[in-house]
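K.L.:
Have a look at this one.
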Amino acid sequence: MSPKRATNLALAAGGAIQARDSSGRVVLCRGKARPLWFGHPWVYANAVERVDGDVGAGDIVSLVDHDGRFIGRGIFNPRSQIPVRLLTRKEEGIDTTFFAARLRDAQALRARLALPSTRTTAYRLVNSEGDGLPGLVVDVFGDVAVVQVTTLGLALRRDAIFDAVEATLSPRAIYEVAAGSFADLEGFVAQNRVARGEPCNPVACLEDGLHFEAEPLGGQKTGMFLDQRPNRIRVGQLAGAGLRVLDCYAYAGGFGLQAARAGASQVTAVDSSPRAVARIEAHAAANGATVRAVEADAFRFLETATPMSYDLVVVDPPKFARARKDFEAATKGYERLNALALAVCAPGALLVTCSCSQNVGALDFERIVAAAAKQAHREVRIVERGEPGGDHPLPPAFTEGQYLKVLFVYVC
Ligand code: SAH
């Protein structure tokens, strides 16, 4: 079947066409296999020499190097810039048994990191490439699992994935949340729904002993931004009693709640989404904290805030650079935002500044903060660098997966 026809069928049937483990194979150009031998899971379009056999979009294919050596099996989609994503290095079928084994491995890794625990019941169980399952995210909130698929091949195998999640976690419900832009690119219908079990929205969970309620269907991402957990905890450790704290782009309010628990004298949380503001208020109440939640654009808020009036400022904006072409504009945006944030920092304050743009590198971001300091006429020192938690693992060869930058900056 032609790739186009397979994709059209998948679109028409909402993902109900047959998912095939094909006998076809993708042959790499000479010299292009090296990253894959080192654990990189992606094949870029320019690395493919040819496709042998009857292979359609969403099928499983074998990947071989130029000399025919078997590398692994992965998901094929000729309309993607990444036509093959490796799922396994073995000659094996991709079915419920396969997904269940991968999920158990992922669970064992989290157990090694004490996740879940009595203090933390919200964590990422499957981090796509980092757990050998490119295109799949599974986040757990208490007794509910939230699944997100970003490739046609996995969308066609949803039922096997849900079966494996059930077998591994026995959750009260499994939600599927749509990754709209990926679905359009890959050619499948994105779904936002309760896939298994009873709806239970919002979902109660704990992070470091704080109470949260995730909203898988009405919220952003899968319900919470789990990658920032260690940095929220670190903010709690660095907050100290009596500080004036500002949490910009607060979403669920986790940074501010950590600071409130540490004894901050005042916590202001800013988000432009009315839903997020309602959540922050609910979370503050659930944790017996006092947080002033403000619905505002963070730039506007900072522009009109009193200069040097906060001792701890967090800025955790959404991605400014969605694509490489956005780099210049994103750089300007980050620079302006950080200059504004520095202006409201009192002498001796900490600024915790974040970027989740994969297209802005770690060094780029540090240069941006330097430029922001110049713009704001402040002296700054980087004192720590934050990372996503261990429940967001990555293969070392897969640098594309490094997106989150968090700088803890001392402001003189
Ligand atoms: N710090 C959060 C995650 C932030 S995600 C946490 O720890 O959970 C980014 C947030 O920025 C989202 O909640 C989104 O609603 C908000 N946002 C997007 N544009 C904004 C803007 N211009 N001003 C303020 N908030 C904005």
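The values are calculated or read from the model by the stated rules, or taken from the named source; none is laboratory data. This is a predicted model, so every value here is computed, not measured. So basically every Cβ, Gly included, is an ideal-geometry build from the backbone, and we count neighbours across all protein chains shown.
Quick grid of which residues meet (1) in contact with a strand residue (DSSP E or B) (Cβ under 8 Å, 6 or more places away or on another chain); (2) modelled with pLDDT of 95 or more:
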| residue | (1), (2) |
| --- | --- |
| D59 | yes, yes |
| S62 | yes, yes |
| R79 | no, no |
| T88 | yes, yes |
| A101 | no, yes |
| N127 | yes, yes |
| V137 | yes, yes |
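K.L.:
Only one of these is modelled with pLDDT of 95 or more, surrounded by 16 or more Cβ atoms within 10 Å (Cβ to Cβ) and more than 21 Å from the chain's Cα centre (by Cα): R196, R234, R229, R172. Name it. Before you say what the answer is, go through the steps one by one.
P.N.:
Values: R234 fails: more than 21 Å from the chain's Cα centre (by Cα); R229 fails: more than 21 Å from the chain's Cα centre (by Cα); R172 fails: surrounded by 16 or more Cβ atoms within 10 Å (Cβ to Cβ).
The unique qualifying residue is R196.
K.L.:
Follow-up question, since we're still on this one. Restricting attention to region 156-169, does a residue exist that is within 16 Å of the ligand (Cβ to nearest atom), at negative phi and either part of a loop (DSSP other than H, G, I, E, B) or not acidic (D, E) (or both)?
P.N.:
The answer is no; no qualifying residue exists.
K.L.:
Quick one: how many residues across region 284-299 are out of contact with any strand residue (DSSP E or B) (no Cβ under 6 Å at 6 or more places or on another chain) and within 20 Å of P317 (Cβ to Cβ)?
P.N.:
The qualifying residues number 3.
K.L.:
Conditions: (1) small (G, A, S); (2) outside the structural domain of W42 (by TED's automatic domain parsing); (3) buried (at least 17 other Cβ atoms within 10 Å of the Cβ); (4) touching a residue at least 40 places away in the same chain (Cβ under 8 Å). A145 meets all but one. Number of the miss?
P.N.:
So the condition that A145 fails would be (4).
K.L.:
How about region 254-286: which of its residues are more than 14 Å from the ligand (Cβ to nearest atom) and in a strand (DSSP E or B)?
P.N.:
Within region 254-286, Q266 is the sole residue that qualifies.
K.L.:
Also, quick follow-up: So the check is Cβ under 7 Å with 6+ separation or different chains; which pairs have a first residue in region 309-322 that's modelled with pLDDT of 95 or more and a second one that's basic (K, R)?
P.N.:
Going by the 7 Å Cβ cut-off, the qualifying pairs are S309/R244; Y310/R244; D311/R244.
K.L.:
Do you know which of the residues in region 70-122 that are within 22 Å of R157 (Cα to Cα) and of a type in the set (S, T, Y) is surrounded by the fewest Cβ atoms within 10 Å (Cβ to Cβ)?
P.N.:
Per the criteria, the residue is T97.
K.L.:
Report yes if some residue within region 296-309 is more than 14 Å from the ligand (Cβ to nearest atom), assigned to a loop (DSSP other than H, G, I, E, B), surrounded by 21 or more Cβ atoms within 10 Å (Cβ to Cβ) and not small (G, A, S); otherwise report no.
P.N.:
Initial filter on region 296-309 (more than 14 Å from the ligand (Cβ to nearest atom)): 306-309.
In the following step, the residues that additionally are assigned to a loop (DSSP other than H, G, I, E, B) were identified as 306-309.
Adding the requirement that they be surrounded by 21 or more Cβ atoms within 10 Å (Cβ to Cβ) leaves none.
No.
K.L.:
Would you say G180 is modelled with pLDDT of 95 or more and either away from the ligand (no atom under 12 Å from the Cβ) or surrounded by fewer than 17 Cβ atoms within 10 Å (Cβ to Cβ) (or both)? Working first, answer last.
P.N.:
Numbers: modelled with pLDDT of 95 or more: no; either away from the ligand (no atom under 12 Å from the Cβ) or surrounded by fewer than 17 Cβ atoms within 10 Å (Cβ to Cβ) (or both): yes.
Answer is no for this residue.
K.L.:
Test of understanding: among V313, V369, V383, V360, which residue is among the hydrophobic types (A, V, I, L, M, F, W, C), part of a strand (DSSP E or B) and surrounded by 15 or more Cβ atoms within 10 Å (Cβ to Cβ)?
P.N.:
Step by step, each of V313, V369, V383, V360 is checked, and only V313 is among the hydrophobic types (A, V, I, L, M, F, W, C), part of a strand (DSSP E or B) and surrounded by 15 or more Cβ atoms within 10 Å (Cβ to Cβ).
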